[in-house]
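Written out below as structure tokens is the structure these notes cover.
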Amino acid sequence: MRHHPLLVLGVMLVSALGCTALPSATSAPPITTTAKVVASPTPAPPTPIISVSPTSRPSTARPEPVVNFSVDSATVSEQQCTTLRWSVANVQEVRLYGGEYGSAPGQGMAGEGSKPACPPAGNTVTYVLRAVDRAGNVIERTVTVQNTTSAVQPPQVSNTAVFGAAAGLIWNFIPLDEGILQLQVQADPNAFTEQPTPVTSDGEGIQRVEFVVSKDGEVVYTRTENNVAYCLLGGDGPCNSLVFEDGVYKWEQGGRAVESGDYSIAITITLTDGATRELVASFSIQLP
């Protein structure tokens with residue numbers, strides 16, 4: 001390939017003249033400015049707010065007493081019983097009274113329990129549950145039970161020897177309001193009087209008393225009594241009454257029915273020294 005002569009010459013002239021060829025225009029290098037970064041101050045953590053509450057103290061309030069008292073049935077008949085039930089909490093004492101449980105303040109009971117309620121025929125009995133809370137306050141709950149069976153009139157008793165004394169012993173018939181027989185025996189050589197006197201229940205000098213009740217020569221009831229007042233029908237004063245069972249009065253539970261007529265009692269008293277004394281008394285019973 002041949003070069004264009006003019007072009008070669010021109011290159012040579014430039015070289016001969018000693019001129020330095022100007023560099024071709026190029027982009028100026030960028031001026032880099034380094035900015036000084038100033039770190040932002042780290043914010044201080046917030047100051048915690050501490051809430052101070054008053055020192056808690058144990059509660060001094062007493063728990064409220066709970067006294068629940070109920071009866072399974074408000075009515076019974078004849079010899080039926082119903083059931084008293086209770087549940088008591090936060091109290092210091094529980095007692096039950098009324099009817100067969102006696103008068104106030106009554107008999108001590110557990111905090112939860114049940115008891116039978118057996119009002120006699122023709123009677124309405126109010127039973128009371130009495131609780132004393134921890135502050136000493138009395139809380140009472142009541143239930144009422146009625147026996148709807150008409151009451152049977154008890155036998156009427158009359159005795160031909162109201163009072164007797166012999167060999168350092170005395171005996172005394174004590175009729176109840178309804179006329180049921182009661183008899184006590186006591187050893188007391190200083191108690192002899194001509195008039196009937198109440199017999200105290202000290203049992204001085206007596207170890208036991210045996211009673212044998214007969215009607216028309218037939219034994220109808222016997223009892224050996226070891227408890228002071230030495231009552232014909234038992235009990236420690238006042239004496240027990242005749243038992244009302246199966247619609248009739250009986251000498252004892254499950255025993256023979258009481259009949260109208262004349263009766264005699266053979267009484268054998270055993271003294272504390274082992275000696276014995278024999279007494280005899282008589283009485284009459286009239287059924288209504």
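The values are calculated or read from the model by the stated rules, or taken from the named source; none is laboratory data. Predicted model only: the values in this text are computed from it and were never measured. For neighbour counting, all protein chains shown are included, and Cβ atoms are generated from backbone atoms with ideal geometry for every residue, glycine included.
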Which one is farthest from Ile285 (Cα to Cα), of the residues in region 206-230 that are within 39 Å of the chain's Cα centre (by Cα) and among the charged types (D, E, K, R)?
Arg208
Does any residue of region 270-279 turn out to be surrounded by fewer than 16 Cβ atoms within 10 Å (Cβ to Cβ), of a type outside the set (D, E, K, R) and in contact with a Ser or Thr (Cβ under 8 Å, 6 or more places away or on another chain)?
yes
How about region 122-143: which of its residues are surrounded by fewer than 16 Cβ atoms within 10 Å (Cβ to Cβ), among the hydroxyl-bearing types (Ser, Thr, Tyr) and closer than 25 Å to Gln92 by Cα?
Thr126, Thr142
Region 74-88, residues that are assigned to a strand (DSSP E or B), surrounded by 15 or more Cβ atoms within 10 Å (Cβ to Cβ) and either touching a Pro at 6+ places or on another chain (Cβ under 9 Å) or among the hydrophobic types (A, V, I, L, M, F, W, C) (or both):
Val76, Thr82, Leu84, Trp86, Val88
Which residue pairs have Cβ atoms closer than 6 Å, lie 6 or more positions apart in sequence or on different chains, and pair a first residue in region 195-220 that is over 20 Å from Val258 (Cβ atoms) with a second residue that is in a loop (DSSP other than H, G, I, E, B) and at pLDDT 55 or above?
Ser201/Val228; Ser201/Ala229; Ser201/Gly237; Gly203/Val228; Gly205/Thr272; Gln207/Thr272; Arg208/Asn226; Val209/Tyr230
Quickly run through region 103-132 and pick out the residues that are charged (D, E, K, R) and either under 28 Å from Glu245 (Cα atoms) or assigned to a loop (DSSP other than H, G, I, E, B) (or both).
Lys115
Considering only region 129-152, how many residues are among the acidic types (Asp, Glu) and closer than 22 Å to Pro116 by Cα?
1
Gly122 fails exactly one of (1) modelled with pLDDT under 60; (2) small (Gly, Ala, Ser); (3) not assigned by TED's automatic domain parsing to the domain that holds Ala257, namely (1)
